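Contents: one structure, followed by commentary.
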Amino acid sequence: MTFAELLKTFQHQKLVKVEPGQHSKRVLLIGKHGENKIIEVPLGCECVNEGNSILLARCNTPNRRYLVASGGRGGCAENGYVGERGETVHVSLHLKLRPNIGLVGFPNAGKSTLLKAFVPEKPVKIANYPFTTTKPQLCYVKYEDTKVIEENFENMEKNLSTKLEPFSLSVADLPGLIEGASQNRGCGHAFLKHMEYSEILVIVIDVFGFQLAPDHRLPYRSAIETLALLNKELEAYDLALLSKPAVVALNKIDMHGGKEKAEELKELLSSENWTTHVSEEMRPRVPLKLKSVVSISAKKQEIGNLKKILKDIYEENHPIKHLYTSEFDNTGHKSLV
Ligand SMILES: Nc1nc2c(ncn2[C@@H]2O[C@H](COP(=O)(O)OP(=O)(O)OP(=O)(O)O)[C@@H](O)[C@H]2O)c(=O)[nH]1
Ligand SMILES: [Mg+2]
């Protein structure tokens, strides 16, 4: 099953109806409990009761089971030996992506073009109109094989050697967000949810700003305003998103005047109070944690040191834990850290 098919399968409602308990019989005084129905879901799936919107299960651990609807109790003295009906619950199953990196931005900012720059061999739909990407697409950014130190303690001899190991980070390209996404405008919630599990946010900004269509009735937003508005949408959806490390990619610097615009923006974003450069109604309460601001031309596949920055942030978040110290204790065995 492809990833897109998997997403489709798990993004719909299900009726969970479990069996009733059996009545007591002459030969079996206590009736059998209604049998469980087991629904297997992929990791990262959330199960929500459609009736009251209560989250019933967040399936983050492999092979763990959650009780969503209880089977009917078998006949016993308390129910007059008459088997009870099982519960019936309408649930919706949501599959959330768990990419290392989530690409966030207004429509047309160049998110898919950046994905293509990361993974040139991947067929990606890119076009000069908003909402080209309608479904999340996931792929892996490969890095040159990384040197790792291998410890070999055979025969109690300390022998350190280096070997090469492949390293990659998963990246999700998401449909564009617009003002009001957190209130479900545009593609809204359906895609903001995938950011919950992204470890690093890459905010793709068109240095020339955004307008949904060339129509004077539609508002034009400058590049810094788009960043502030995206920040506001993330804040309104879930404050926790703002604690994730964020990298801003200032895109389209190959266009006339693009480099100058990117330099101006970098200057504005270098201050902690960058949000003061937008009007109050666009200003988020909690600014994003901007780890780095990079100027890029996704179209020309000139992305500077963006890949390295992302790997460095990833490694900062996942320090390698050595299970053993490199010293032997006095019994001749290695000691645990
Ligand atoms: N000149 C120039 N054009 C770019 C660059 N990056 C993207 N574009 C163009 O901008 C348009 C939109 O690019 P996409 O990658 O589809 O934008 P997106 O952010 O994925 O858009 P949605 O999927 O609608 O959210 C396309 O015409 C791209 O060719 C760039 O670095 N330079
Ligand atoms: Mg796209």
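Restriction of the trypsin sites (Lys or Arg not before Pro) in the stretch 283-317 to DSSP coil positions whose beta-carbon has at most 14 other beta-carbons within 10 angstrom yields R285, K300. Amide H contacts of V204 (H built 1.01 Å from N, in plane; Pro and chain starts excluded): V104, G105, A249 sit under 5 Å, all sequence-distant by 5 or more or on other chains. The trypsin sites (Lys or Arg not before Pro) of the stretch 191-253 that DSSP puts in a loop, and whose beta carbon has at most 15 other beta carbons within 10 Å, are R217. Cα centroid separation, the stretch 55-73 to the stretch 245-285: 45 Å. Each peptide in 197-209, 267-279 gets a packing score, the mean of other Cβ atoms within 10 Å over its residues, and the list from highest to lowest is 197-209, 267-279.
Sites listed here are GluC sites (Glu not before Pro) in the stretch 77-118 whose DSSP assignment is loop and whose Cβ has at most 16 other Cβ atoms within 10 Å: E87.
For the stretch 266-283, putting each phi into the Karplus relation 6.51 cos²θ - 1.76 cosθ + 1.60 with θ = phi - 60° gives couplings of 4, 4, 5, 7, 6, 8, 5, 9, 4, 5, 6, 7, 10, 5, 4, 5, 9, 7 Hz, in residue order, rounded to whole numbers and with x for Gly and Pro.
Taking the alpha carbon gyration tensor of the stretch 200-332, multiplying each eigenvalue by 5 and rooting it gives semi-axes of 37, 19, 12 Å, largest first. Only Lys, Arg, Asp and Glu carry charge here, each on its Cβ (+1 for the first two, -1 for the last two); on that basis the stretch 101-317 has a dipole of about 680 debye about its Cα centre. The H on the amide N of L95, modeled in the peptide plane, is under 5 Å from the matching H of E46, each at least 5 residues off or on a different chain. Compactness of the stretch 101-317 was expressed as the Cα radius of gyration divided by 2.2 N^0.38 Å, which yields 1.11. Counting other Cβ atoms within 10 Å as a rough exposure proxy, the listed residues Y237, Y66 run Y66, Y237 from fewest neighbours to most. Computed from backbone phi with θ = phi - 60° and the Karplus coefficients 6.51, -1.76 and 1.60, the 3J(HN,Hα) list for the stretch 108-122 is 6, 5, x, 5, 5, 5, 5, 4, 5, 5, 5, 10, x, 6, 7 Hz; x is used for glycine and proline.
Between R65 and I126, the modelled label-to-label distance comes to 4.9 nm, taking each label 7 Å out from Cα in the direction of the beta carbon. Each residue, H23 and E35, gets one label point 7 Å from its Cα in the Cβ direction; the gap between the two is 2.1 nm.
Given the options T61, A117, G44, identify the residue whose Cα lies farthest towards the positive end of the charge dipole of the stretch 21-154 (+1 on Cβ of Lys, Arg; -1 on Cβ of Asp, Glu). Of the listed residues, the answer is G44.
M255 sits among other residues whose Cβ lies under 12 Å from its own Cβ, and their net charge, with Lys and Arg +1 and Asp and Glu -1, is +2.
Comparing Cα centroids, the stretch 119-136 and the stretch 165-237 end up 15 angstrom apart.
Read-outs: derived from the displayed coordinates by stated rules, not from any lab. These numbers were taken from a predicted model, which means no experiment stands behind them. Note that each Cβ is placed from the backbone with ideal geometry, even for glycine, and that neighbours are counted across all protein chains shown.
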